[in-house]
Amino acid sequence: MPTVDNCKLIDIKTITDRGKLGVIEFYDLPFIPKRVFYIYDVNDLEVRGNHAHYRTQQFLICLQGECGVGLFDGNDTQEVHLNNPEQGLFIPEMIWDSQLYSKDAVLVVLASTHYNPDDYITDYEEFKRIANATK
């Protein structure tokens with residue numbers, strides 16, 4: 001279970017009937033999604049992410065393959081392995097995260113905000129300074 005500031009794994013309701021059906025009711029999440037995107041066909045062991053958001057909260061689900069997620073809140077670090085579509089990872093705002101993908105990984109991300117480049121913190125040292133100043 002993640003220990004980084006308010007990050008948590010959330011089970012996804014799964015119905016088995018001629019296969020499996022994963023159901024996400026938005027009221028079961030800590031936010032109502034405004035954007036959905038997915039990442040796939042990433043080079044094996046390629047790192048993505050490497051940023052934090054001022055306001056955006058995210059819910060990550062690895063539908064296929066495996067995705068290792070590194071989390072950092074300014075003090076603590078944690079690594080979570082997503083490889084089960086019956087579970088997703090909630091990441092609140094102001095958490096630095098990076099993902100390492102297997103070649104066959106498909107990661108779906110539900111985000112609490114519309115895309116805004118001003119919401120991104122892409123400099124690690126700047127993030128550490130901001131995160132520690134707000135604690």
Close pairs (6 angstrom Cβ cut-off, 6 or more residues apart or separate chains): of a type in the set (S, T, N, Q) in region 102-114, surrounded by fewer than 18 Cβ atoms within 10 Å (Cβ to Cβ) anywhere: Ser102/Gly65; Ser102/Glu66; Ser112/Phe31; Thr113/Lys34; Thr113/Arg55
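Please tell me if Asp118 is acidic (Asp, Glu) and surrounded by 12 or more Cβ atoms within 10 Å (Cβ to Cβ). Walk me through it before giving the result.
Values: acidic (Asp, Glu): yes; surrounded by 12 or more Cβ atoms within 10 Å (Cβ to Cβ): no.
No.
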The listed residue being surrounded by 11 or more Cβ atoms within 10 Å (Cβ to Cβ) and free of Cβ contacts under 8 Å to residues at least 12 places away in the same chain, out of Glu46, Glu79, Glu66: Glu79
Residues being farther than 24 Å from Cys67 by Cα and either β-branched (Val, Ile, Thr) or touching a helix residue (DSSP H, G or I) at 6+ places or on another chain (Cβ under 6 Å) (or both) - total across region 112-135: 2
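All of the numbers you see were taken from the coordinates with simple rules; none came from a lab. Note that the structure is predicted; figures quoted are calculated from it, not measured. All Cβ positions, even for glycine, are placed from backbone atoms using ideal geometry, and neighbour counts span all protein chains on display.
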